[in-house]
Amino acid sequence: MKTIQKLAFAMTAAFTVAATPLLAQGIDDPTREAYYSSFTGKRVAYVPVAMGFDLTEGWAAGLKEALEPLGIQFDIRDPNWSTAAGAQAITALISEKPDVLVVHNPDVQSYARLLKKAEEAGIYVVQVNMRSSYSTDAFIGADYVGMGEAIGRRMVEVCSPENGGSGKVAITQGVLTAAASAYQMKGISNILEQHPEIQLVSNQAADWDATKAKNIATTVIQQHPDLCAITGFWDVMDVGTSAAIKESGKDVYLLTQGGGNKSACDGLENGTYSEVVVYHVPGQARDMANMIKQLLQLKQEPGSMKTTLFTPLQFLTKDNMEPGSCWALPGQK
């Protein structure tokens, strides 16, 4: 037995001595070259609803930071809130054939045929935060039905007569045909149908416009002085809602939502908002970048896979937010 142990020890020692020069020089990662070569010369085109606000600027910054160091060209086509201009941009890009198209849909229908056409042309299509009725290779964004259900439950908690509320609530949507509105209303309705003690006294669209939101809120508060809460579908739009509440002098709970930019936390701190539901934009940008890298490495036929990555939600109030709860754009104070 001792002879066998000595022999084994000797063989191990001999192997270690033989391997030491190799290990001392290091060994190459066999997957590294294939990883980087998958991205060389590739092009990603991004069509938001518009640039110039926190969501779209944040996604663009995150994608640019993640993709350009890999040698991927990143282009932006800004339709500046024009659905027709967005359709023209996508049509032109289909002819140009980038490798990946990232689209922020203005509504569920306008770009559906074009997204299908892009995949048929061999372009991967990634949708962000507002889905089209046509499902493409990937969607990264909020689960708006689930988000609506969570918001509906908060409205019940805050405004139920059992909890001292009047039971009266109002909703300010964005664009009615946008996924962020249509899907979210489905979730809210799922909850309110179970709670007849909650009265929805107003449900109107402000088209993502702060001035329209303010006018709507002013009228609703005048008509219902005992209004308990307003739920708005975007924090930038709901700056107008907040202004109407402050001018009325009423104690109306304002529950809004957005991408978690620093302005949201500032708004909670200064009383602009009572509560903000956050889907973190930097996390969405990271998920999009990772999905794009996966698509370019797998090289599957565009349109052959339908992947959804729902973004985790966080309900922020002045009491529970922390220093890192919100993010800032470069140069934002």
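The values are calculated or read from the model by the stated rules, or taken from the named source; none is laboratory data. Everything numeric in this text was worked out from a predicted model, so none of it was measured. Here the Cβ positions follow ideal geometry from the backbone for every residue, glycine too, while neighbour counts run over all protein chains shown. SASA here: full protein model, heavy atoms, side chains in, ligands and nucleic acids out. Shrake-Rupley method; radii C 1.70, N 1.55, O 1.52, S 1.80 Å.
Tabulated results
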read-out: Among residues of the range 128-187, those that are within 26 Å of Asn105 (Cβ to Cβ), hydroxyl-bearing (Ser, Thr, Tyr) and either touching a Gly at 6+ places or on another chain (Cβ under 6 Å) or assigned to a loop (DSSP other than H, G, I, E, B) (or both), counted; value: 8
read-out: Scope the range 46-62; condition under 13 Å from the mean Cα position of the chain (by Cα) and of a type in the set (A, V, I, L, M, F, W, C); matching residues; value: Leu55, Trp59, Ala60
read-out: Which listed residue is at pLDDT 55 or above, open to solvent by 80 Å² or more (accessible area, probe 1.4 Å) and either closer than 30 Å to Pro79 by Cβ or β-branched (Val, Ile, Thr) (or both), from Thr31, Thr20; value: Thr31
read-out: Filtered residues of the range 89-139 (kept if open to solvent by less than 10 Å² (accessible area, probe 1.4 Å), over 14 Å from Pro79 (Cβ atoms) and of a type in the set (S, T, N, Q)); value: Gln127, Asn129, Ser132, Thr136
read-out: Long-range neighbours under 8 Å by Cβ, at least six apart or interchain, first residue without any contact (Cβ under 8 Å) to a residue 60 or more places away in the chain within the range 158-179, second open to solvent by less than 10 Å² (accessible area, probe 1.4 Å); value: Ser160/Gly167; Pro161/Gly167
read-out: Residue within the range 276-294 that is modelled with pLDDT under 95 and aliphatic (A, V, I, L, M) present; value: no
read-out: Residue check, Thr83 hydroxyl-bearing (Ser, Thr, Tyr), open to solvent by 20 Å² or more (accessible area, probe 1.4 Å) and either touching a Ser or Thr at 6+ places or on another chain (Cβ under 7 Å) or at pLDDT below 95 (or both); value: yes
read-out: Failed item, numbered, when Gly283 is tested on (1) in contact (Cβ under 8 Å) with a residue 40 or more places away in the chain; (2) under 26 Å from Asp137 (Cβ atoms); value: (1)
read-out: Wholly enclosed strands (runs of 3 or more DSSP E) of the range 241-333 bearing at least 2 residues under 18 Å from Gln127 (Cβ atoms); value: 307-310
read-out: Output for the range 144-164, where each listed residue is within 19 Å of the chain's Cα centre (by Cα) and surrounded by fewer than 20 Cβ atoms within 10 Å (Cβ to Cβ); value: Val145, Gly146, Glu149, Ala150
read-out: Matching option when the condition is on the phi > 0 side of the Ramachandran plot, surrounded by 18 or more Cβ atoms within 10 Å (Cβ to Cβ) and either among the acidic types (Asp, Glu) or touching a helix residue (DSSP H, G or I) at 6+ places or on another chain (Cβ under 9 Å) (or both), among Gly187, Gly167; value: Gly167
read-out: Residues of the range 254-279 satisfying the condition of being in contact with a strand residue (DSSP E or B) (Cβ under 9 Å, 6 or more places away or on another chain), open to solvent by 10 Å² or more (accessible area, probe 1.4 Å) and over 13 Å from Gln314 (Cβ atoms); value: Lys262, Thr272, Tyr273, Ser274
read-out: Only one of Leu93, Leu67, Leu101 that is in a helix (DSSP H, G or I), within 24 Å of Arg286 (Cβ to Cβ), within 22 Å of the chain's Cα centre (by Cα) and of a type in the set (A, V, I, L, M); value: Leu67
